Amino acid sequence: MQKVEGVQSVRVSLNDGLTILDLKPGNAVTLAKLRQIIKNNGFVSKEATAVARGTVVDERTFVLSGTNERLSLSSPPQRSEDDWRLAVRAPDKP
């Protein structure tokens, strides 16, 4: 993950099953790309929690600024100053 352009730092807790990423301001990395990297490394991507900027479409849909990636939310977004706190649904199983 550290090699992905736009990623500033990575912390992993195998005991908790968490990957914590800090992204650089103005990055263009998508959650879909990060989830693919996780999958390619043999792990399962579940619900993600994020702080991001973008547009609330409705209480279950959010569009990220910069990438225009459309995220399906598991709960309504919460405003946090200029950002939003999001709970992004786990990807659908193929």
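Could you run through segment 4-25 and say how many residues are basic (Lys, Arg) and either in a helix (DSSP H, G or I) or within 14 Å of the chain's Cα centre (by Cα) (or both)?
The total comes to 1.
Which residues, taken from segment 68-82, are within 16 Å of Asn27 (Cβ to Cβ) and open to solvent by less than 40 Å² (accessible area, probe 1.4 Å)?
Glu69, Leu71
Collect the residues in segment 1-19 that are open to solvent by 70 Å² or more (accessible area, probe 1.4 Å) and more than 18 Å from Asn68 (Cα to Cα), keeping them in residue-number order.
Those that are open to solvent by 70 Å² or more (accessible area, probe 1.4 Å) and more than 18 Å from Asn68 (Cα to Cα): Gln2, Lys3, Gln8, Arg11, Val12, Leu14, Asn15, Asp16, Leu18.
Anything in segment 83-94 that is surrounded by 13 or more Cβ atoms within 10 Å (Cβ to Cβ) and in a loop (DSSP other than H, G, I, E, B)? List them, or say none.
Residues satisfying the conditions are Arg89, Ala90, Pro91.
Scan segment 26-43 and give yes if some residue there is in a strand (DSSP E or B) and modelled with pLDDT under 95, otherwise no.
No, that holds for no residue.
Output the residues belonging to segment 45-67 that are farther than 22 Å from Gly6 by Cα and open to solvent by less than 60 Å² (accessible area, probe 1.4 Å).
Hits for segment 45-67 are Val56, Thr61.
Which pairs turn up if I take residues in segment 76-92 that are of a type in the set (Ser, Thr, Tyr) and look for partners that are open to solvent by 30 Å² or more (accessible area, probe 1.4 Å) with beta carbon separation below 8 Å, at least 6 apart in sequence or on another chain?
Within 8 Å, the pairs are Ser80/Val51.
The values are calculated or read from the model by the stated rules, or taken from the named source; none is laboratory data. Being a predicted model, the structure only gives us computed values, none of them experimental. Neighbour counts are summed over all protein chains in view; Cβ atoms, including those assigned to glycine, are modelled from backbone coordinates with ideal geometry. What goes into the accessible areas is simple: the full protein's heavy atoms, side chains included, and nothing from ligands, DNA or RNA. Shrake-Rupley method; radii C 1.70, N 1.55, O 1.52, S 1.80 Å.
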